[in-house]
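The values are calculated or read from the model by the stated rules, or taken from the named source; none is laboratory data. Predicted, not measured: the structure shown is a model, and the values here were computed from it. When we count neighbours, we look across all protein chains shown, and the Cβ atoms used for this are built from the backbone with ideal geometry, even at glycine. SASA here: full protein model, heavy atoms, side chains in, ligands and nucleic acids out. Shrake-Rupley method; radii C 1.70, N 1.55, O 1.52, S 1.80 Å.
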Amino acid sequence: MGVTAVRNIQNIALIGFMGTGKSTVGRLVAEQLKFEFLDTDALIEQRSGKKITEIFAQHGEPAFRELEAQIVLEFSQSTHTVISTGGGLPTNPANLKNLKQHSLVICLWAAPEHIYERVREQAHRPLLNDPDPLSKIRNLLSAREQFYKQADVLLNSDLRSAREVAQQVINQFRLVTRPRK
Ligand code: S3P
């Protein structure tokens, strides 16, 4: 194989920080394209019979990251699927590499303040269970930026409705999968 791995884009994978709208947008995209919708966090919870917070508390973050990496490998045969991923999943380079083999990887981006507004009432994210969640968001986002920016497409979800973002995702997917003349 040459420098770039061969890609056979059949799916859409949404990556990005917590609270950027991956699940909401992903569901809309799947509905419109008549694709299956899969969410890595939901799959992990189903398989383990535990909530994400319990997995973090009882087994630690590394155990959670292991489960994420296993789930990513299972997508290798997927087609016509929208995959919404947990916010930390692309920090493992193998995950991004595996997703890129079969998916157009689209990153939803938002400013820390907007993320904070979206997640502040929710308690299901162990990493944001912090006395100063906004600073935590800023720090994590800047540490992860290098990974998120490896997506094929970066879409800003600030100040746009989920429907608008979903339409942009669909447009990008059509651009890369339309038959060449
Ligand atoms: C995480 C994001 C969460 C979930 C877990 C860890 C992260 O998913 O996977 O709490 O490391 O950013 P969402 O991005 O869907 O909130």
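Being within 16 Å of the ligand (Cβ to nearest atom), within 21 Å of Leu154 (Cβ to Cβ) and either in a helix (DSSP H, G or I) or open to solvent by 30 Å² or more (accessible area, probe 1.4 Å) (or both) is the filter here; which residues of region 2-43 pass it?
Passing the criteria: Lys22, Ser23, Thr24, Val25, Gly26, Arg27, Leu28, Val29, Ala30, Thr40.
Assess whether Val72 counts as being open to solvent by less than 80 Å² (accessible area, probe 1.4 Å), under 21 Å from Leu175 (Cα atoms), of a type in the set (Val, Ile, Thr) and in contact with a helix residue (DSSP H, G or I) (Cβ under 8 Å, 6 or more places away or on another chain).
Criteria not met by Val72.
For the condition closer than 17 Å to Ile15 by Cβ and not in a helix (DSSP H, G or I), what is the one hit in Leu141, Leu127, Leu159, Leu154?
Leu154
Do you know which residues across region 77-100 are under 20 Å from Leu33 (Cβ atoms) and open to solvent by 40 Å² or more (accessible area, probe 1.4 Å)?
Gln77, Thr79, His80, Lys100
Kindly provide the set of residues from region 136-155 that are surrounded by fewer than 17 Cβ atoms within 10 Å (Cβ to Cβ) and touching a residue at least 60 places away in the same chain (Cβ under 8 Å), ordered by number.
Of everything in region 136-155, just one residue is surrounded by fewer than 17 Cβ atoms within 10 Å (Cβ to Cβ) and touching a residue at least 60 places away in the same chain (Cβ under 8 Å), namely Gln150.
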